[in-house]
Amino acid sequence: MIEERVTGSRVIRTVLPAEAPAVADLHVRARATYYPQGLPQDGTDWLTAWRDAIERPDGHVLCAVEHGRLVGIASFRTPQGAPADMVKLFQFHVDPGHWRRGIGTELHAACVEEWQADGKRTAVLDVHVDNRRAQVFYARHRWVPDPENPPAEDDHHVHLRYAVPGVAGE
């Protein structure tokens, strides 16, 4: 598990339970950027959802911190029923006020480092069809459409797959 990765004035580390409110706030602000009509009000309590993700013994939540402020978050784990060498990136967000500063790239590299250490060969994720910025980001980082999970006609997500480099057998 990554204890702390320092790059200049930025630190990438595991999120602390007390940071759940800041994580939930960043999540909501980042997601709102790709919903043309605003973030859907589906009843999700994001603070509770993030507290649960942070406290899961089988999950990992990393954050990027710059000048003492959370500026990026990533949440991943092996989903129930998935092969042990697979990991799913459930959430990956950079504070919209900090886009285009390399935070996402550094956070992605930290995730990959963790996946390598955990022996994960494959990572998967779902990205909203309207989130073109994220789709371009993932393509730049060698994520490709998941051939095992093509989108259904009414699906609002693109399913991507990533071959984790440097894991035995790759």
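Only the coordinates and a few stated rules stand behind these numbers; no lab work does. Keep in mind it's a predicted model, so treat the numbers as computed, not measured. Using ideal geometry, Cβ is built from the backbone for each residue, glycine included, and neighbour counts are taken over all protein chains shown.
Couple of notes before you dig in:
- Spin-label proximity, residue 140 to the stretch 83-103 - amide N less than 11 Å from point 7 Å beyond Cα toward beta carbon: 99-103
- Projected label distance in nm at residue 25 and residue 41, using a 7 Å step from Cα toward the beta-carbon: 2.1
- For the stretch 104-114, 3J(HN,Hα) per residue [Karplus equation, 6.51 cos²θ - 1.76 cosθ + 1.60, θ = phi - 60°, Hz, x = Gly/Pro]: x, 5, 5, 5, 4, 4, 5, 4, 4, 4, 5
- Gyration tensor verdict on the chain (Cα atoms; rounded if a/c is under 1.5, prolate if a/b is larger than b/c, oblate otherwise): rounded
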